[in-house]
Every structure is written in structure tokens, then in C-alpha cells.
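Enquirer: This is the structure I have questions about; it appears just below.
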Amino acid sequence: MDAAVETRELTRRFGALTAVDALTLRIERGEVFGLLGPNGSGKTTTIRMLCGLLEPSSGSALVTGIDVTVAPEQVKQRIGYMAQRVGAYEDLTVAENLTFYAGIYGLRGDMMRTRVGEVVAFLSLGDRLGQLAAQLSGGWKQRLGLACALVHRPGLLFLDEPTAGVDPAARRRFWHTIHDLAASGTTVLVTTHYMDEAAQCGRLGMMSRGHLIALGTPDEVAAQVGGRTLEDAFVVLQQRDEQ
Amino acid sequence: MMSRFWPMFRKEFIQMRRDRLTFAMMVGIPVIQLLVFGYAIQTDVRNLPTVVLDQSRTPTSRDLIAAFQNTGNFRVIAHVDGRPELDAAIARGDAQAGIIVPYDYPRDLARGTTATVQVIVDAADPLSSQAALNAAAGVAQARNLSILSRAADRSIPIEARVRPRYNPGLRSPNYIVPGLVGVILTMTLVLITAMAIVRERERGTLEQLIVTPITKTELMLGKITPYVGVGLLQMTAVLILGRFVFDVPITGNILLLYGVSLIFIIASLAFGLLVSTLVRTQQQAIQASFGFMLPNILLSGFMFPRQAMPEIAQWLGLLMPLTYFLKVVRGILLKGVGLEALWQEVLILAAFAVVLIVASVRRFRKTLD
Ligand SMILES: Nc1ncnc2c1ncn2[C@@H]1O[C@H](COP(=O)(O)OP(=O)(O)OP(=O)(O)O)[C@@H](O)[C@H]1O
Ligand SMILES: [Mg+2]
């Protein structure tokens, strides 16, 4: 079976800057894969290329078995993406946002109502349906963002810093949801700056200056610097890379 | 095919209803434009305040002054006793015209020598002075003819009967208000749609939108279609106000007018959309829209007749949809003409609409760079 994501020498340059530098990576179906790295290390750029939002400068990427440079629109139907900046419409209510995205993904009639109902129940959005997205607090906004990205039941989900600026309890709930999704077979690629979240991923990729500096389970990555914490590994490996 | 158009349309419609700025533009621009252009710009000049220095004070001279007043261009506000007083009134701006009938006027007239009467006009405003000068010359001309024909004992040899057609009262609202339909549509619709895509870009929702499988055409058409209704409503409002406030006639086929307007509305929206794909911020979108408005107002023939323009300006005017639309609106409203006279303009407008939509769909990229 195809991997969920398979990149070879994937590269993206912005002028003189190489944001992603010959990244080769394979993510299996059903994995929760965490992408770590300091600010500007190329996480968002990688995800955007995988979603068909940015064209690679060179290299290739197969997403759910489809070459994203050749058929980005086919890839888009199969993936869910939650951008670093939440993309729900502030001037629409929760229900209107969900109906909109369901419609845009081609759901109609009973099918649409069922799916929206499911995702509302899954993320406990039932009491908020009539509220404008602008009036939601940070944690609820993230949930709405996730709901919009899930309403068409994608097999592969990209979450770019989904819990940035969210309180600890809401973060914990959010990660419960991610594990539930993984249990039902969804592949998740998530970026984060929180080490407790990184520790919950099946595998991690650590990026620095556009390339991978570590890859493996959280324990394996920690072992690379002598079995200390993930946070130590993060700091030490990055310093090593920058020398 | 086009299955994602409706969700997009519905979303845009809800947002349009909730956005105060858009709503203010939709209502505010037509009202302001109608007041500014409808009332303030009266190109037909009437009732210039006039001071009279009648030195002869005879029935003959009073008769002449009455003739000047009857043209409707002069309104006598004062009689003065000397030339300095008259000049002062004009210099102060109390009066814009002065009529001086000299002592000799009745005598010269009776003797058959040339009698002179002096008309002084404040020409600082060329438009009003021109009308007054023409009127004054007209008065003299008419009197000359009647006196001469009496003396020669025959009727006047030639009479040119000039009959203004289509706008018999020579009223400027009849010319301005139909044009205003086009100007208001261009201004609001271009401005609103020019913001359509940059607004999503600035708010960060564009990334989430283009990561979905919506096609570019569905996205573009879904974005502009709700505003077609806005355009039709605005147009209806201007027509009703024009009819009942400014007395502008509606002579021709109203359905035809709506049909052509629909094409023009789509072209305007598509132009705004194209702008939206070219600019990066809402600020730039607003500037670009106003930059587009100015030549439209000046060169389309909305305010000044195109025939009077230098050739280059006439050519530039041909690049603007408004130029063709003005011909159509005025043709239908004032002359009551139909498709047989206007089909060329209609075809050109349709071509504008198609080309602009295709261009903006092609310009738009479903990527972030
Ligand atoms: N559109 C762009 N044009 C120019 N440079 C860009 C663009 N997008 C990203 N970059 C640059 O590419 C590099 C990688 O950026 P990217 O957003 O992928 O990093 P990141 O790992 O997601 O960082 P963060 O943790 O801050 O989100 C940065 O130096 C950034 O400034
Ligand atoms: Mg990022």
C-alpha cells in the first residue's frame, strides 16, 4: 500500500533563501507524525507543498499516492488542512462555516446534514452553532477550524500548530481528539512547539534550516543525545546543526 | 460541474448582508452621487442675477429689458443709477450680469440708426456666461429680424426652426441622471469586488479556501454573483428617484434596459475581480478602483460630450465599458430606441464581460505564491 506521504529531495526556495532543503520523508498510513523545529525551520512551507498550496522548486511529493505537483486538486479532495492561522470566517456562525466547507467539499442534502452532525457531536460544538466565529474563544476557534477540516472525512490531516495559544485543558482535549482520529484510521501530520505534545506522537521529524536533523519515535530521538528529555534533544541537535 | 458554486454564493451573500462597510457603500454611494450630480451639476444655466442701468427710462427700453428676462437667463435683482454702481455689483459677485441701455437707445431705434445696448457678463464661470451671451445675442437677433421685416414689408427670408429632439426642455438632469446609473454601478461594483479576494487574503481565510477542491471558476462566479442583485437594486433606485425627483422620462423598453444593464453589471464586477487578482492589499484595491473611476467619469461622455474631446481621449474612452453603456441607457431612456439601434454596443459590452471574467479566472492562482 502507498504511504500517506512520501517526499524525495523536496525543496522550496524563496529567492536566495532555501526554506525546505532536499527533504526526504515517508509517513505511513495511520501514523500520528509530529514535525518539530524552531521558527523558520520550514515546517509550514513543507505542509503547504504537501497540500498543493506552494509549488516545490524541485523534488517530488506523493500524497495519498498522488503526485501533488501533477494533480494538486485531486490531493485537495482527500486531505484536511488546518492552517497556522485559523481560516474559519469570523463573520459567519459556527453552523454557517461548517455548512460552507461541507458544501465546498461536495457534500449535499442528507449526506451533508449527517456529516455536519457527526463532526459537531465529535467536537462538542452543539451549543455554539449559532455563534459567530469571531465571538469564540481561542480553544473553540481551534475546534471549529478542525471541524471544518474534518467535515469531508479526509484520510490524511495536516495540522499546523493547532494548539498555539490554547489553554492546557483545551490542549489536552484537542489531543484526545487527535488520538481518536488516529484510532479510526486517519493519518495525522501535526506541527508543534510543545514537547509534551511531541511526546504523544508515534514518530517525530525534527527540522532545522529546512532539513531533517532527527527522525524516529520520541524515545529514539531523545536517545540520540544520550537518553535525556525531548526538549534537551531539541536544543542540542539544533545547536549542533547550526554550527 | 459547478456544484460548488452555490455554497460559495450563499457564503458571499451572508457576508455581504453582514458587512457594514459593503452595505454603506451600496447605499451611500448612490445617494451621494445622485445628490452631487443630480442637483449640483446643473449645466443649463438659468436666472443669472442681473443689475440694470436703464438710462433712457422709456417704454421701449423697458420692453427690451423684459425681453432679456423672458429668455430665462437673466433675473433682474436691482436697478442702478450709474456705471460705477453696476460694475461694483458685478465685482462683488452680487450680480453676474449687467444690462446697460443708453440714453440714445429709443432715439436711435426710431431714427433707424444702429442702437446699442450693452450686456456685461461675469465670465469667470465659462458655462454660465456662455449661456447668457448666447441668450443676449438671441434677443438682439430676434428684435433685428422683426424690425427689418417690418421695414422691408415682407416676412423674414429664412427661418431655421431648431427643435430640440428627445430632451425638449434642454434639461441637464435628463442627460446626467441616466448616465448616473452607469457611473454608480461602475463605482460600487468595481470597488466591492476589487476587495473580494484581497480581503480573504488579508484575513487569512484564502489559504483555507484554496486548499479545498473548489475550482477557480466556481470561486470567482460565486464571489460576484450576489452583487448582480445589488447592481439591479441600485439601478432601480436611481431610475425611480430620477423619474420622481428629477422628472427624467423613461421612454423606451424597460426590460431591454434591464437586460443590457445585467451585461454591464457583470462586466463591472468582472473588472473588479480582475483588480482583486492584481493587488495584494485592500488599500491597493481601493486606490486602483478610484484610479479606474476617474477616467471613466471624464472620458466616457458622462459629463462632457465625447465629440468635443481630443482624439486621443476619444480613443481611450472606447476602452471603457461605461462609454458603451451610457449610449445604451440614454438611447433607451431618452430616445426610446431599441436593440436595432444599440446592438453594437450590447455586443461590445458582452465581449467585455466575457473577456474580463476569463482574464480574472486565468490570473487567479490556487496557490500562495
Ligand atoms: N512566501 C514566502 N516568501 C518568502 N519567504 C518565505 C515565505 N514563506 C516562508 N518564508 C520563509 O521560509 C522560511 C521557513 O518558513 P516556515 O513558515 O516554513 O517556517 P516554520 O517552521 O513554519 O516556522 P514557525 O515555527 O515560525 O511557524 C522562513 O525563513 C520564512 O521567512
Ligand atoms: Mg509555521
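For (1) within 16 Å of ligand 1 (Cβ to nearest atom); (2) under 30 Å from A:MET195 (Cβ atoms); (3) surrounded by fewer than 20 Cβ atoms within 10 Å (Cβ to Cβ), each residue gets a yes or a no:
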position: A:THR114; (1), (2), (3): no, no, yes
position: A:GLU118; (1), (2), (3): no, no, yes
position: A:LEU125; (1), (2), (3): no, yes, no
position: A:LEU159; (1), (2), (3): yes, yes, no
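Enquirer: Same structure again: For the stretch B:206-220: of the residues being among the hydroxyl-bearing types (Ser, Thr, Tyr) and more than 18 Å from A:LEU157 (Cα to Cα), which is farthest from the other protein chains (Cβ to nearest Cβ)?
Expert: Once the filter is applied, the top-ranked residue is B:THR217.
Enquirer: Something else now. Just one of (1) in contact with a helix residue (DSSP H, G or I) (Cβ under 9 Å, 6 or more places away or on another chain); (2) at positive phi trips up B:ARG57, so point out which.
Expert: Of everything listed in (1) in contact with a helix residue (DSSP H, G or I) (Cβ under 9 Å, 6 or more places away or on another chain); (2) at positive phi, B:ARG57 misses just condition (1).
Enquirer: Find all pairs meeting these conditions: Cβ atoms under 6 angstrom apart; at least six residues apart or on different chains; first residue within the stretch B:343-369 and within 18 Å of B:GLY182 (Cα to Cα); second residue among the hydroxyl-bearing types (Ser, Thr, Tyr).
Expert: Listed by first residue and then by second, the contacts come to B:GLU345/B:TYR324; B:ILE348/B:TYR324; B:LEU349/B:TYR324.
Enquirer: What do you reckon, is A:ASP67 more than 9 Å from every other protein chain (Cβ to nearest Cβ), closer than 30 Å to B:TRP6 by Cα and not hydrophobic (A, V, I, L, M, F, W, C)?
Expert: yes
Enquirer: Kindly list the number of the only condition in (1) within 12 Å of ligand 2 (Cβ to nearest atom); (2) farther than 15 Å from A:ASP160 by Cα; (3) small (Gly, Ala, Ser) that fails for A:SER60.
Expert: Of (1) within 12 Å of ligand 2 (Cβ to nearest atom); (2) farther than 15 Å from A:ASP160 by Cα; (3) small (Gly, Ala, Ser), only one is false for A:SER60: (1).
Enquirer: Sticking with this one: What tally of residues in the stretch A:2-27 results from selecting those that are within 12 Å of ligand 1 (Cβ to nearest atom), more than 14 Å from every other protein chain (Cβ to nearest Cβ) and part of a loop (DSSP other than H, G, I, E, B)?
Expert: Looking only at that region, the number is 1.
Enquirer: Moving on to the next point. Go through the stretch A:53-75 and give me each residue that's in a loop (DSSP other than H, G, I, E, B), in contact (Cβ under 8 Å) with a residue 40 or more places away in the chain and touching a strand residue (DSSP E or B) at 6+ places or on another chain (Cβ under 7 Å).
Expert: A:LEU54, A:PRO56, A:SER57, A:THR64 - these are the residues of the stretch A:53-75 that are in a loop (DSSP other than H, G, I, E, B), in contact (Cβ under 8 Å) with a residue 40 or more places away in the chain and touching a strand residue (DSSP E or B) at 6+ places or on another chain (Cβ under 7 Å).
Enquirer: Restricting to the stretch A:33-54, give me the number of residues that are more than 8 Å from ligand 1 (Cβ to nearest atom) and on the phi > 0 side of the Ramachandran plot.
Expert: Count: 1.
Enquirer: Now for a separate question. Six or more apart or on different chains, Cβ atoms under 8 Å: show the pairs whose first residue is in the stretch B:13-30 and more than 10 Å from chain A (Cβ to nearest Cβ) and whose second is of a type in the set (Gly, Ala, Ser).
Expert: B:PRO30/B:ALA237
Enquirer: Please work out which residue is nearest to A:GLU73 (Cα to Cα), limiting yourself to the stretch A:6-49 and to residues that are of a type in the set (S, T, N, Q) and away from ligand 2 (no atom under 12 Å from the Cβ).
Expert: A:THR7
Conditions tested, residue by residue: (1) surrounded by 24 or more Cβ atoms within 10 Å (Cβ to Cβ); (2) more than 13 Å from the chain's Cα centre (by Cα).
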residue	(1), (2)
A:LYS43	yes, no
A:VAL63	yes, yes
A:ALA71	no, yes
A:ILE79	yes, no
A:ALA83	yes, no
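Enquirer: For the stretch B:347-354, indicate whether the set of residues that are under 28 Å from B:ILE210 (Cα atoms), among the aliphatic types (A, V, I, L, M) and more than 14 Å from every other protein chain (Cβ to nearest Cβ) is non-empty.
Expert: Scanning the stretch B:347-354, I find at least one residue that is under 28 Å from B:ILE210 (Cα atoms), among the aliphatic types (A, V, I, L, M) and more than 14 Å from every other protein chain (Cβ to nearest Cβ), so the answer is yes.
Enquirer: Would you please list the contacts, defined by Cβ atoms under 6 Å and residues six or more apart or on different chains, that run from a residue in the stretch A:30-51 that is under 17 Å from A:ALA83 (Cβ atoms) and of a type outside the set (Val, Ile, Thr) to a residue that is part of a helix (DSSP H, G or I) and within 12 Å of ligand 1 (Cβ to nearest atom)?
Expert: Note: pairs meeting the criteria are A:LEU35/A:LYS43.
Enquirer: Here is a list of conditions, (1) within 14 Å of chain B (Cβ to nearest Cβ); (2) free of Cβ contacts under 8 Å to residues at least 24 places away in the same chain; (3) of a type outside the set (Phe, Trp, Tyr), and A:ASP127 meets all of them except one; can you say which number that is?
Expert: With (1) within 14 Å of chain B (Cβ to nearest Cβ); (2) free of Cβ contacts under 8 Å to residues at least 24 places away in the same chain; (3) of a type outside the set (Phe, Trp, Tyr) applied to A:ASP127, the lone miss is (1).
Enquirer: Count, please, the residues in the stretch A:92-101 that happen to be of a type in the set (Asp, Glu) and surrounded by fewer than 16 Cβ atoms within 10 Å (Cβ to Cβ).
Expert: 0
Enquirer: Out of the stretch B:206-219, which residues are part of a helix (DSSP H, G or I) and over 13 Å from B:LYS11 (Cα atoms)?
Expert: Hits for the stretch B:206-219 are B:LEU206, B:GLU207, B:GLN208, B:ILE210, B:LYS216, B:THR217.
Enquirer: Continuing with the same structure: Looking at A:ALA198, is it touching a residue at least 12 places away in the same chain (Cβ under 8 Å) and more than 19 Å from A:GLU231 (Cα to Cα)?
Expert: Considered against the rule, which asks whether it is touching a residue at least 12 places away in the same chain (Cβ under 8 Å) and more than 19 Å from A:GLU231 (Cα to Cα), A:ALA198 comes out as no.
Enquirer: Turning to a different aspect of this structure: Give me the helices (runs of 4 or more DSSP H) completely within the stretch B:231-339, filtered to those with at least 2 residues that are surrounded by fewer than 19 Cβ atoms within 10 Å (Cβ to Cβ) and at pLDDT 90 or above, ordered by residue number.
Expert: The qualifying helices (runs of 4 or more DSSP H) are B:254-278, B:282-299, B:311-317.
Enquirer: Which of the numbered conditions does A:ALA95 fail, given that it passes all the others? Conditions: (1) facing chain B (nearest Cβ under 7 Å); (2) farther than 24 Å from A:THR11 by Cβ; (3) not charged (D, E, K, R).
Expert: (1) is the only condition that A:ALA95 fails.
Enquirer: Next question. Please name all residue pairs, on different chains or six or more residues apart, with Cβ atoms under 8 Å, provided the first residue is in the stretch A:211-230 and is within 16 Å of A:LYS43 (Cβ to Cβ) and the second residue is acidic (Asp, Glu) and at pLDDT 85 or above.
Expert: Once the first residue is within 16 Å of A:LYS43 (Cβ to Cβ) and sits in the stretch A:211-230, its partners that are acidic (Asp, Glu) and at pLDDT 85 or above give A:HIS211/A:ASP21; A:ILE213/A:ASP241.
Residue by residue, here is whether (1) hydrophobic (A, V, I, L, M, F, W, C); (2) within 16 Å of ligand 2 (Cβ to nearest atom); (3) touching a helix residue (DSSP H, G or I) at 6+ places or on another chain (Cβ under 7 Å); (4) farther than 18 Å from A:ALA149 by Cα holds:
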| residue | (1), (2), (3), (4) |
| --- | --- |
| A:ASP160 | no, yes, yes, no |
| A:ALA169 | yes, no, no, yes |
| A:TRP175 | yes, no, yes, no |
| A:GLU197 | no, yes, yes, yes |
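Enquirer: Residue check, A:GLY30 against (1) within 14 Å of the chain's Cα centre (by Cα); (2) more than 12 Å from ligand 1 (Cβ to nearest atom); (3) part of a strand (DSSP E or B), all met but one. Which one?
Expert: (3)
The values are calculated or read from the model by the stated rules, or taken from the named source; none is laboratory data. This one's a predicted model, so the numbers in the text were calculated from it and none came from an experiment. Every residue, glycine as well, gets a Cβ built from its backbone with ideal geometry; the counts of neighbours run over all protein chains shown.
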